[in-house]
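The values are calculated or read from the model by the stated rules, or taken from the named source; none is laboratory data. None of these values were measured; they are calculated from a predicted model. Please note: Cβ atoms are built from the backbone with ideal geometry, for glycine as well, and neighbour counts cover all protein chains shown.
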Amino acid sequence: MTIKVNIFGAEFVSKRVVTLEPVSASLRDVLFTLQRQTEGPWNWVMKDSLRPVEGCVILVNGRSIRSLENLETEIHDGDEITFTVFVSGG
């Protein structure tokens, strides 16, 4: 499975295409594989529990995983996973 992984933070921006072979297509297994088998800045924004660090949100194809199926969201070849910081204002 080839996916795009983006990280947008206050101090860095990263956009990469990675190829993984997770156990299943669930976001949980994709993140586990990403974290354990590849080097990258995603380890700065993701805890060992696969949850984002405080102040970050995970998006799949531009939608928050909270509006999807959280870590059980199914990931497909070509999907885009984005880690970004919360933005608020008025």
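Brief remarks on what is shown
- Residue within segment 43-62 that is touching a Ser or Thr at 6+ places or on another chain (Cβ under 6 Å), free of Cβ contacts under 8 Å to residues at least 40 places away in the same chain and in a helix (DSSP H, G or I) present: no
- Matching residues in segment 43-78 - criterion: being surrounded by fewer than 10 Cβ atoms within 10 Å (Cβ to Cβ) and either under 10 Å from the mean Cα position of the chain (by Cα) or on the phi > 0 side of the Ramachandran plot (or both): Gly62
- Of all the listed residues (Thr38, Thr33), the sole one being surrounded by fewer than 16 Cβ atoms within 10 Å (Cβ to Cβ), free of Cβ contacts under 8 Å to residues at least 24 places away in the same chain and out of contact with any His (no Cβ under 8 Å at 6 or more places or on another chain) is Thr38.
- Among (1) within 13 Å of the chain's Cα centre (by Cα); (2) modelled with pLDDT under 95 - the single one Ile81 does not satisfy: (2)
- Within segment 63-90, the set of residues being within 16 Å of Asn6 (Cβ to Cβ), in a strand (DSSP E or B) and in contact (Cβ under 8 Å) with a residue 24 or more places away in the chain comprises Glu80, Ile81, Thr82, Phe83, Thr84, Val85.
- Test result for Leu27, modelled with pLDDT of 85 or more and either at negative phi or not charged (D, E, K, R) (or both): yes
- If only residues of segment 4-17 that are over 21 Å from Ser49 (Cα atoms) and either free of Cβ contacts under 8 Å to residues at least 24 places away in the same chain or β-branched (Val, Ile, Thr) (or both) are counted, the one that is surrounded by the fewest Cβ atoms within 10 Å (Cβ to Cβ) is Glu11.
- Restricting attention to segment 18-27, the residues that are buried (at least 17 other Cβ atoms within 10 Å of the Cβ) and not in a loop (DSSP other than H, G, I, E, B) add up to 3.
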